[in-house]
1. Identify, by number, the condition in (1) near ligand 2 (Cβ under 10 Å from one of its atoms); (2) acidic (D, E); (3) modelled with pLDDT under 95 that D674 doesn't meet.
2. Name the single residue, out of those in the stretch 775-813 being in contact with a helix residue (DSSP H, G or I) (Cβ under 6 Å, 6 or more places away or on another chain) and farther than 23 Å from E690 by Cβ, that is farthest from ligand 1 (Cβ to nearest atom).
3. Keeping to the stretch 582-600, report how many residues are within 16 Å of ligand 1 (Cβ to nearest atom), in a loop (DSSP other than H, G, I, E, B) and out of contact with any strand residue (DSSP E or B) (no Cβ under 9 Å at 6 or more places or on another chain).
4. Report yes if F460 is more than 25 Å from E544 (Cα to Cα) and crowded, with 21+ Cβ neighbours inside 10 Å, otherwise no.
5. Filter the helices (runs of 4 or more DSSP H) completely within the stretch 159-258 down to those with at least 1 residues that are within 38 Å of the chain's Cα centre (by Cα), within 30 Å of A142 (Cβ to Cβ) and outside the structural domain of D447 (by TED's automatic domain parsing).
6. Quick one: which residue in S739, S704 is under 13 Å from L759 (Cβ atoms), surrounded by fewer than 17 Cβ atoms within 10 Å (Cβ to Cβ) and free of Cβ contacts under 8 Å to residues at least 40 places away in the same chain?
7. When you scan the stretch 398-498 for helices (runs of 4 or more DSSP H) that lie fully inside it, which ones turn up with 2 or more residues that are in contact (Cβ under 8 Å) with a residue 60 or more places away in the chain, closer than 29 Å to S509 by Cα and outside the structural domain of C511 (by TED's automatic domain parsing)?
8. Could you check how many residues of the stretch 776-805 are of a type in the set (D, E, K, R) and within 13 Å of ligand 3 (Cβ to nearest atom)?
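The values are calculated or read from the model by the stated rules, or taken from the named source; none is laboratory data. Owing to the predicted nature of the structure, the values given are computational and were not obtained by experimental measurement. Cβ placement follows ideal geometry from the backbone for every residue including glycine, while neighbour counts extend to all protein chains displayed.
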Amino acid sequence: MRVFKFGGSSIASAAKISNVAGIIRRELKSTPLVVVVSAIGKVTDMLAETAALAGNGDAAYRDKLEGIASLHGGIIRELFGTEASAEETWLGEMMAELNDVLHGVFLLRELSDKSLALVLSYGERLSCRIVSRYMHVSGTPAECVDARSVIVTDDNHCFAKVDRLATGKLIHERFRSFDVLPVVTGFIASAPDGSVTNLGRGGSDFTATILGAALHAEEVWIWTDVDGFYSADPKRVPDARVIPEISYAEAMELSHAGAKVLHPLAVQPVMKAGIPLRIKNSFNPEKPGTRIGIEAAGAEALPGTVTGLTSINHVVLLSLSGSGMAGVPGTASRLFTCLARHSINIIFISQASSEQSISLAIAPGQASMAKKVLEEEFAREIEERRIDPVSVRRNLAMVAVVGNKMLGHPGVSAQLFETLGKNGVNVIAVAQGANEMNISLVIDSADENKALNCVHESFFLSMRKVHVFIVGTGTIAKSLISQIRRHRATLQKELGLDVVVAGLANTRSMCIEPAGIDLEHWHDSLKPRESHEGIGQYIRLIQERNLHNTIVVDCTASRQVAECYPALLRANISVATANKLGMAGPWDLYRKIMDALRSSNAKFLYETNVGAGLPVINTLNDLKNSGDKIVCIEGVLSGTLSFIFNELRKGGRFSEIVRKAKESGYTEPDPRDDLSGADFARKLLILGRELGYQLEYADVECQSLVPEPLRGEMSPAEFLDQLSSIDDWYVDEMASAASEGMTIAYTGELRDGKAKVGLKRVPLESPVAGLNGSENLVVFTTERYLKTPLVVKGPGAGGEVTAGGVFADILRIASYLV
Ligand SMILES: NC(=O)C1=CN([C@@H]2O[C@H](COP(=O)(O)OP(=O)(O)OC[C@H]3O[C@@H](n4cnc5c(N)ncnc54)[C@H](O)[C@@H]3O)[C@@H](O)[C@H]2O)C=CC1
Ligand SMILES: N[C@@H](CC=O)C(=O)O
Ligand code: NA
């Protein structure tokens with residue numbers, strides 16, 4: 001025999017009741033059933049509101065009551081069709097009776113718990129009769145059983161305590177044998193004087209497990225509108241999944257803090273009797289649901305030590321602190337007694353061993369009252385300054401990780417705090433009981449979703465996500481997007497890493513899609529930006545989204561974007577950038593970035609700032625961090641300038657080569673940034689700063705190849721059109737150098753904190769003269785690499801190699817985050 005309980009959501013309409021009837025009929029084929037029903041969805045709330053209005057002497061209760069009558073009337077007419085009249089007559093009688101009760105409450109303007117319990121009982125009495133009659137007329141003989149005849153309680157009317165012994169006996173007698181399907185009212189019971197009581201909100205679950213335990217049911221199934229206990233609230237954690245099996249204790253831990261699938265009290269009767277409970281979805285009955293039993297069976301349970309996460313969205317933290325608390329027995333006792341006296345429920349408690357402070361989380365609605373009564377209780381100590389005024393911290397949430405197997409398993413809290421820390425979630429208070437089944441944390445409400453998602457991913461999922469927000473949709477960004485698109489599945493398979501491009505923006509348009517932009521058609525998702533905040537709007541929205549493992553990737557050449565780095569880092573958002581205007585920006589910006597980075601848990605990587613995808617910055621830092629001393633860094637660090645002279649050597653014309661460099665994606669958005677030497681100079685500036693020199697851009701000696709007349713305001717296109725005026729000069733210059741066995745190249749050098757870039761004649765056999773295409777050449781002369789310098793050489797510009805370098809930086813950040 002099984003006991004089935006259907007919640008209000010499962011019977012909220014005629015169609016849903018008929019669906020439930022189908023489930024019952026199907027299951028009856030394999031085992032006898034006892035069915036428990038809640039009130040029809042929302043009806044208990046409507047009854048409570050009606051009663052409250054009547055109690056306040058507000059005649060509007062009649063309209064509410066009318067609403068309740070017509071809700072049930074509609075369902076009856078739909079279910080019973082032409083046979084509805086008998087049921088409608090009965091409904092009319094019930095409503096008249098209820099109206100009398102409410103009228104009394106209205107006249108007296110007094111709503112006692114006893115009257116409220118009576119009013120609320122109509123919800124289950126109505127639903128039970130409707131469901132049982134419907135079963136009956138649709139071919140399954142059934143009868144309505146009023147639980148008041150079998151469940152007896154004390155006289156605490158709205159949260160009554162069950163007399164288990166007497167109840168057990170009555171249940172036995174009533175259900176010793178039954179040949180028609182019993183449909184029992186959930187939630188309600190009777191007091192010793194015969195008045196109606198109820199078992200507290202959600203009490204129908206309790207009715208079901210009391211019946212199940214007394215009748216030695218083989219299982220108790222709670223039918224609801226979700227597939228079972230989720231590993232976290234699916235509304236907040238999209239990747240949450242149904243937990244196949246959990247223990248009774250875990251179910252209680254999970255249902256205490258917010259997971260509203262099951263009333264925690266309901267677990268006790270079946271736990272004692274060792275009867276499994278199952279949570280099932282009446283709208284998805286094929287799903288196995290969650291089985292709650294003695295031990296979570298290994299095979300089916302999710303791997304790992306943590307079973308589930310829960311959260312309470314709004315709590316307030318009260319702290320009682322003061323130097324006069326340590327070593328004074330009785331303070332805690334007075335604190336708790338005082339709160340208990342005022343019926344203030346404590347959700348969370350924490351006291352550190354210094355005994356200087358006790359923190360409590362309570363519901364926000366009780367905070368002011370709690371502060372007031374505690375300050376009265378400790379008035380003397382506060383006056384004598386042994387205890388401080390009670391501090392109240394609002395806008396907080398409580399998150400808990402729960403699991404049987406956390407007991408004696410080192411590393412769970414380490415993993416928990418590490419994940420939160422890397423995501424910049426500040427933990428305000430912590431509590432873990434010695435049963436080690438639950439670690440509860442109080443955090444800022446704004447961080448709740450982020451915390452739940454990163455902790456959930458860390459404990460439950462083999463696939464870890466990073467959310468990438470790209471700025472810029474030009475050459476580098478385009479290559480990056482296509483590299484991520486092509487390589488994503490491999491990363492998922494081989495590294496268990498999902499690189500989700502959650503945002504894109506350029507100067508005019510943007511798109512934010514936390515679940516991931518379709519990278520095949522990313523153009524279509526870009527929408528014009530409405531606000532005039534510039535990129536600030538995008539950055540603000542990224543911060544507001546507050547997704548876990550967020551990386552902003554800068555593929556622009558914009559100063560405005562670079563100026564956002566400090567704020568991003570302070571918000572614990574990591575940055576990977578190809579844009580040099582941060583690291584080579586004014587010293588003040590550079591300092592701000594470095595300061596923000598030091599105080600942040602986020603990462604900031606910029607390998608492509610120098611030599612594009614070539615390992616220049618990482619190589620330099622490896623040398624430096626391992627104790628080598630850099631004597632000199634020299635070579636060619638401009639892909640564009642390298643390309644120009646490599647092509648001139650083959651006989652090309654200057655202006656045409658520059659055009660080709662631009663078309664090949666080597667140049668800066670404005671090629672004058674390359675020809676002026678500025679881009680090269682910035683790279684040496686960055687390397688100099690890496691070495692600890694306080695350099696400004698102006699400190700770099702820089703020779704410009706932009707002809708004087710072309711330096712003014714003009715578009716890159718106009719500039720290119722006018723550039724041919726200097727083609728002949730280069731032809732002559734190359735010829736003159738060649739006549740001496742030399743060639744010209746644009747090179748740079750950083751030595752003793754001094755940097756310079758410019759044109760130079762070099763022998764034809766020198767390595768610089770042997771470069772091809774956009775190749776860069778970086779020569780590190782160090783104490784260790786003195787006779788034979790360390791050389792990094794390869795293409796130093798272009799979409800694919802640069803995007804590859806940015807992608808590698810993203811993956812470095814990801815491997816830190818996940
Ligand atoms: N092209 C190359 O070989 C290399 C480029 N880089 C750097 O990569 C960056 C991008 O270069 P490319 O893709 O070649 O340039 P690009 O001109 O093709 O693309 C720049 C993109 O940034 C966007 N953008 C500019 N200002 C913006 C703002 N304020 N807000 C939002 N979006 C803005 C533009 O709309 C455009 O989509 C530059 O900083 C460059 O120095 C670094 C290494 C190599
Ligand atoms: N425009 C740059 C691109 C790399 O930073 C160059 O030409 O080197
Ligand atoms: Na590089």
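1. (3)
2. E800
3. Final tally of qualifying residues: 2.
4. Details: more than 25 Å from E544 (Cα to Cα): yes; crowded, with 21+ Cβ neighbours inside 10 Å: yes.
So F460 passes the test.
5. 203-214, 248-256
6. Details: S739 fails: under 13 Å from L759 (Cβ atoms).
On inspection, the qualifying residue turns out to be S704.
7. 448-460
8. Residues that pass the stated criteria total 1.
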